[in-house]
Amino acid sequence: MVQIFSPNTPEGVSEVVRAGGPLEIVSGGTRRGYGRFVEAETLLDVSRLAGIVDYDHTEMVLTARPGTRLRDIAVLLAARGQCFAFEPPDLGPLWGAPKEAGSLGGALATGCAGARRPLSGSARDHILGFKAVNGLGEIFSGGGKVIKNVTGYDLPKLMAGSMGTLCVLTEVTVKVLPAPRGSLTLALEGLDTDHAILAMKMAMNSAMVVSGAAHLPREVLQDLALAVPRNRAWTLLRLEGLPVSLAERAQRLTDLLAPVGSFAPAAFDCSPVWKAIDDVYPFTQKAIVWRVSLPPGMASAFLATLPPDLEARWYLNWGGGLIWLFLDAAPDGHAASVRNALDRAAGREGHATLMRAPEAVRRHVSVFQPLAPEVAALSRRIKSGFDPDRVLNPGRLYADI
């Protein structure tokens, strides 16, 4: 039987950690289906560590506790015309959680970002400081509330994507940015994969400041429960900013891409489409979901190398640098096929993460990209520095980390 502790102070967290582990760390639990299965009979839930600590809209800095819901933060920021520029996706429903139930701590622990990632960076690029409890139960802090005060090791960046394996966050300071005043999406129907990647590359390398570039094949559109045309593939390019500039930038981008195809403002509402692209779950009609990150120019080679009998569905985000791959159930989650294709197409430049699979698969398959020996050794040393007794989420990332 799992024992659950839900402290509401850093001191309470420290007391639970000092009592020993192993502990599974959650902040509401919407992302428990992500990563390797944690063998722990004690659950430390920090969802009661919630609420805004400080919000200075003039300096564009927000400090909040990890259990604070992202939807509540979004409402607060929108009232001041601001937002999280990295567009934290709502991935909870991918693992069966309700929509809009995710927390700030969970978003930073997974480190994921939306379509603006190539332009604005990921979650790790927006963390300024934090307070936390390490695996010894010691309360400590890193970074601060302004960018220029970071000296020595940039610990806040280390926390992003660490999945609660290094410490238990009790407070986080994040920079925010002005929300876009307007948005316009250019769309082209019917491009094949190679031409779509070429168009997205040309657009993102231009001076038009493209904030989103995605390609949706016809097959994956069949699973999208939105009122969009589904008879052919769509390649989407998003422009954001002052409304007065959008039309001119769109025209210049259209002229630039004329050799590839004729782009025009989308004839359908693209806001829910971009949200679906970021949140993924509207496309997930299959049991196994992989997230593949690689140089955009290698995306076509990876897709072509996948065995045809996988009958994979997929779409591209980040101009081809991110592939979401949807497959039927298999005992190994198709790990061998996916990673073999990635090795042949991108070598060590690619990363494949098993985002969704049954618990039995997650127990026995390497969920995250296997580490090079020198990186694995460094990761173990970092883990030992923060959590020498392996109390916090042991094995969540890798069996020995």
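Every number in this text was worked out from the coordinates using simple rules, so none of it is lab data. It should be emphasised that the depicted structure is a prediction, and the values quoted were computed from it without experimental measurement. With ideal geometry, Cβ positions are generated from the backbone for all residues, glycine too; neighbour counts draw on all protein chains shown.
A few comments on the model shown:
- Cα→Cβ-extended label distance, 7 Å offset, between Val244 and Ala227, nm: 3.3 nm
- Candidates Ala336, Ala115, Ala97, ranked by Gaussian network fluctuation over the chain, Cα under 10 Å, top entry: Ala336
- For Ile25, distant residues with modelled amide H under 5 Å away: Leu44, Asn393
- Ascending count of other beta-carbon atoms within 10 Å, so fewest first, for Glu24, Glu41, Glu15: Glu41, Glu15, Glu24
- Farthest toward positive dipole pole in the chain [+1 Lys/Arg, -1 Asp/Glu at C-beta], among Tyr315, Ser271, Pro388: Ser271
- Between the alpha-carbon centres of the range 156-197 and the range 25-62 there is a gap of 18 Å.
- Calculated from backbone phi, Karplus (6.51, -1.76, 1.60) coupling profile of the range 17-30 in Hz, x at Gly/Pro: 5, 5, 5, x, x, x, 10, 9, 9, 9, 10, x, x, 6
- Top positive-direction residue, dipole computed over the range 222-278 with Cβ charges, set Pro259, Leu237, Leu226: Pro259
- Fluctuation leader among Ile52, Ile382, Ile197 - the chain, Gaussian network, Cα springs under 10 angstrom: Ile382
- Simple point charges give the picture: +1 on the Cβ of Lys and Arg, -1 on the Cβ of Asp and Glu, and for the chain a dipole about the Cα centre of about 300 debye.
- Amide H within-cut-off set for Gln82, under 5 Å, with H built and near neighbours excluded: Ala179
- Karplus-derived 3J(HN,Hα), 6.51/-1.76/1.60, for each residue of the range 71-80, Hz, glycine and proline x: 5, 5, 5, 4, 5, 4, 5, 4, 5, 10
- Using alpha-carbon coordinates, inclination of helix 373-386 to the longest axis of the chain, degrees: 40 degrees
- Listed cross-link partners Lys131/Lys275; Lys157/Lys275; Lys175/Lys275; Lys99/Lys145 are compared with a 28 Å cut-off, the Cα-Cα value being larger for Lys131/Lys275; Lys99/Lys145.
- Loop-located trypsin sites (Lys or Arg not before Pro) in the range 157-247 (DSSP state other than H, G, I, E, B) with a sparse environment of at most 14 neighbouring Cβ atoms within 10 Å: Arg181, Arg232.
- Pairwise centroid distance, computed over Cα atoms, of the range 253-285 with the range 305-329, Å: 18 Å
- The chain: relative contact order in percent, alpha carbon pairs under 8 Å with at least 6 residues between: 19 percent
- Net charge dipole size for the range 182-279 [Lys, Arg +1 and Asp, Glu -1 on Cβ; Debye, nearest 20]: 140 debye
- Of the GluC sites (Glu not before Pro) found in the range 288-375, those that fall in a DSSP loop while having at most 16 other beta-carbon atoms within 10 Å are Glu311.
- Label corresponding to Cα extents along the principal axes in Å when calculated from the structure given, among (1) 64, 52, 37; (2) 87, 56, 37; (3) 59, 52, 46: (1)
- Sequentially through the range 98-103, phi angles give Karplus couplings (6.51, -1.76, 1.60; θ = phi - 60°) of x, 5, 6, 9, x, 10 Hz, Gly and Pro residues having no value and appearing as x.
- Relative contact order (%) - criterion: Cα under 8 Å, at least six apart; region: the range 284-364: 44 percent
- The C-alpha atoms of the chain define a longest principal axis, and helix 335-346 lies at about 60 degrees to it.
- Extreme residue, positive dipole direction of the range 45-178, given options Gly105, Val61, Gly135 (C-beta unit charges): Val61
- Value of relative contact order over the range 127-237, rounded to a whole percent, pairs C-alpha under 8 Å and six or more apart: 24 percent
- When you filter the trypsin sites (Lys or Arg not before Pro) in the range 16-123 for DSSP loop state and at most 12 other Cβ atoms inside 10 Å of their Cβ, you are left with Lys99.
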